[in-house]
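Each remark here refers to the structure printed beneath this line.
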Amino acid sequence: MKKILDIIKAFFNLVEIALLLMVLANVWVYAVTNGKTYTKISKIPPRETALVLGTSPKMLSGAANPYFTSRMNATALLYHHGKIRKIIVSGERSKGYDEPKAMKRYLVYQEGVPENIITEDPYGFKTQSSIKNCIEVYNCKDVVIVSQGFHNLRALFYARNSGMNALGFDAQDVLANRSYYRNQSREFLARVLAVVYYVFNIEQRSY
């Protein structure tokens, strides 16, 4: 019986340590990105390029994805206020599915952004991939990353640890309870994974 109790105690000790490490990983992400994200267009310093992180333009129901349209609105706001000069739209391109193309089309035809300043990155399958491609493929380090605030923290963690002069501009979040809490819990774990990737120098190859 004592051995069983010792095993149970050791198990709970390991769980406590794991939870503590996960919290510390999130604290590290917050520390690296503190003061680097903006919600007001008047406050954000200008950068050469906006790196817009992809998401599906449509929900499963076929309705417009509010995360997508919010990111496009934020990107257009940056351009029309003279905060950026170029745009990289980074997302997934696969058979019958093309996030960068949809992003570019929306910016051009719905937001009045000139087509010739937009570059499509079709290999942004993951946040880390989008950051790496921005640096290594497109040679851009002076950027504003555009996504929702919960996502921008992780993206900025990758970016600033990769030597980018990066800021985040937070697109309007979707505050429906189910969506909000799902994203927050998912990002808590995703930030832990981002720290693991950084500490152990693990790269997610996009192609």
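What follows draws every value from the coordinates through simple rules; no lab data is involved. All values reported here derive from a predicted model rather than from experimental measurement. Cβ atoms come from the backbone with ideal geometry, glycine included; neighbour counts cover every protein chain shown.
The table that follows gives values for the structure above.
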| quantity | calculated |
| --- | --- |
| Footprinting exposure proxy for MET103, MET22 (fewest neighbouring C-beta atoms within 10 Å first) | MET22, MET103 |
| In Hz, Karplus ³J(HN,Hα) per residue of segment 30-41 (6.51, -1.76, 1.60; θ = phi - 60°; x = Gly, Pro) | 4, 5, 5, 9, 4, x, 9, 10, 9, 10, 10, 5 |
| Vicinal HN-Hα couplings computed from phi for segment 182-196 (Karplus, 6.51 cos²θ - 1.76 cosθ + 1.60; Hz; Gly/Pro x) | 4, 5, 5, 5, 5, 5, 4, 6, 5, 5, 4, 5, 4, 5, 4 |
| Amide H contacts under 5 Å for ALA171, placed H, 5+ residues apart | SER147, GLN148, GLY149 |
| Cα-based radius of gyration of segment 28-136 once divided by 2.2 N^0.38 Å, which approximates compact folds | 1.08 |
| Residue-averaged [θ]222 nm for the chain, counting only DSSP H segments that reach four residues, each worth -39500 (n - 2.57) | -16500 deg cm²/dmol |
| The chain - share of DSSP beta bridges that are antiparallel (%, nearest 5) | 15 |
| Relative contact order (percent, whole number), the chain, Cα cutoff 8 Å, 6+ residue spacing | 24 |
| Positive-end residue of ALA18, TYR109, ILE145, charge dipole of the chain with Cβ unit charges | ALA18 |
| Principal-axis tilt of helix 66-80 within the chain, Cα atoms, nearest 10 degrees | 50 |
| Cα-based helix-to-principal-axis angle, 99-109 vs the chain, degrees rounded to 10 | 40 |
| Members of LYS95/LYS141; LYS36/LYS58; LYS104/LYS132 lying beyond 23 Å, as alpha-carbon distances in this model show | LYS95/LYS141; LYS36/LYS58 |
| Under Karplus coefficients 6.51, -1.76 and 1.60, residue-wise ³J(HN,Hα) of segment 45-53 in Hz, glycine/proline x | x, x, 9, 5, 9, 9, 9, 9, 7 |
| Student exercise, segment 42-193 dipole from Lys, Arg, Asp, Glu Cβ charges, in Debye to nearest 20 | 260 |
